[in-house]
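The values are calculated or read from the model by the stated rules, or taken from the named source; none is laboratory data. Keep in mind that what you see is a predicted model, and the values were worked out from it rather than measured. All Cβ positions, even for glycine, are placed from backbone atoms using ideal geometry, and neighbour counts span all protein chains on display. Each accessible area value is taken on the protein alone, full model and side chains, heavy atoms only, with ligands, DNA and RNA left out. Shrake-Rupley method; radii C 1.70, N 1.55, O 1.52, S 1.80 Å.
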Amino acid sequence: MNEKNTAGRLFVLSGPSGCGKNTVYDGLCEINPDVVQTVSMTTRAPRENEIDGKDYYFVTKEEFFKRVDNGEFLEYVNYGENYYGTLKCEINRLLEAGKTIVMVIEVCGALNIKRAFPDSTSIFLLPPSVEVLSERLRSRGQNSEEDINIRLSIAMDEMKQKDNYDYCVINDDLKTCVDEINAIIQK
Ligand code: ADP
Ligand code: 5GP
């Protein structure tokens with residue numbers, strides 16, 4: 001598939017789990033009211049404070065694969081023990097409405113989106129170091145030690161892909177990082 005990104009503008013913010021993608025996205029929304037995010041579908045259980053339909057559409061594996069069979073996903077991946085995917089209807093609705101979409105997804109999905117939408121802009125968010133990434137995953141307090149180790153091991157592979165992105169931004173000081181990404185969006 002090779003989609004034309006016609007009305008809206010599409011940005012993909014990607015990088016290893018815990019590098020700060022969602023924190024940076026929240027910071028972007030505070031300074032740029034035009035930014036919206038696609039709501040992904042996942043088979044993982046909701047974390048405390050996560051809301052169905054806002055943070056994710058939370059579904060069973062059976063429901064997820066029914067939608068895979070129906071061809072409803074633009075892309076989906078197996079990440080750790082769960083599945084995550086972007087629904088075609090979500091992205092088309094926001095593009096047609098002329099929105100500035102920032103997709104917050106992992107690396108395989110990000111590269112698939114770049115293939116489907118060659119005129120989209122991909123941004124890789126890097127932690128200042130692997131040690132800081134590990135600290136951030138722990139300080140978030142949302143993942144078991146086993147899950148953190150799986151995420152760190154996936155992160156090592158993901159970071160090898162950073163040169164395949166249009167931009168790489170280090171998330172050290174949060175405000176500096178948000179300003180840098182906002183400048184990319186406003187180019
Ligand atoms: P991701 O969405 O990439 O998985 P999160 O946005 O959940 O990552 O961030 C992981 C943890 O790191 C959170 O506890 C968040 O508050 C913290 N964090 C994110 N960015 C920064 C930063 N620039 N400085 C310090 N802590 C940060
Ligand atoms: P988490 O469990 O921390 O919410 O998400 C795990 C990883 O899956 C994160 O890197 C997150 O950005 C990514 N992710 C969330 N939604 C999607 C999606 O729709 N597609 C892909 N490819 N990755 C996603």
Q. What list of ³J(HN,Hα) values in whole Hz, one per residue of the stretch 34-42 in order, does the Karplus curve 6.51 cos²θ - 1.76 cosθ + 1.60 (θ = phi - 60°) give from phi, with Gly and Pro shown as x?
A. 7, 7, 10, 10, 6, 8, 7, 9, 9
Q) Near residue 160, which lysines are there with a Cα under 24 Å away, not counting those fewer than 8 places off in the same chain? A) 21, 114
Q) How much length is gained if the chain between residue 147 and residue 160 is pulled fully straight, taking 0.36 nm per residue apart and subtracting their Cα-Cα distance, in nm to one decimal? A) 2.6 nm
Q | Cross-link reach list, lysines versus residue 66, counting only Cα pairs under 19 Å and skipping chain neighbours closer than eight places | A | 88
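Length gain on complete extension for the stretch residue 138 to residue 54, per 0.36 nm per residue less the alpha carbon to alpha carbon distance?
Working: separation 84, 0.36 × 84 = 30.24 nm, distance 2.40 nm.
That works out to 27.8 nm of additional length.
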Q) Using a 1.4 Å probe, what is the accessible area per residue for the stretch 1-91, in Å²? A) 52
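Of all DSSP beta bridges in the stretch 9-186, what percent run antiparallel (nearest 5)? Mind dumping the intermediate values first?
Numbers: 8 of 26 bridges.
Among the beta bridges of the stretch 9-186, antiparallel pairing accounts for roughly 30 percent.
Assuming 0.692 mPa s and 37 °C, estimate D for the stretch 25-104 with Stokes-Einstein, Rh taken as the Kirkwood radius over Cα pairs, in µm²/s. Each step should come with its number before you reach the end.
Details: Rh = 13.5 Å.
Rounded, D is 243 µm²/s.
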Q | Cut-off under 5 Å, modelled amide H: who pairs with residue 122 long-range | A | 12, 166, 167
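How high is the relative contact order of the chain, given as a whole-number percent (alpha carbon pairs under 8 Å, six or more residues apart)?
36
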Q. So which trypsin sites (Lys or Arg not before Pro) in the stretch 8-79 pass both tests, a DSSP loop state and at most 13 other Cβ atoms within 10 Å of the Cβ?
A. 47, 54
Q.
Can you return the aspartates and glutamates within cross-link range of residue 162? Criterion is Cα-Cα under 12 Å, with same-chain partners fewer than 8 residues away left out.
A. 106
Q: Pull up all non-local amide H partners of residue 57: gap of 5 or more, or a different chain, and H-to-H distance under 5 Å with H placed in the peptide plane.
A: 40, 41, 42
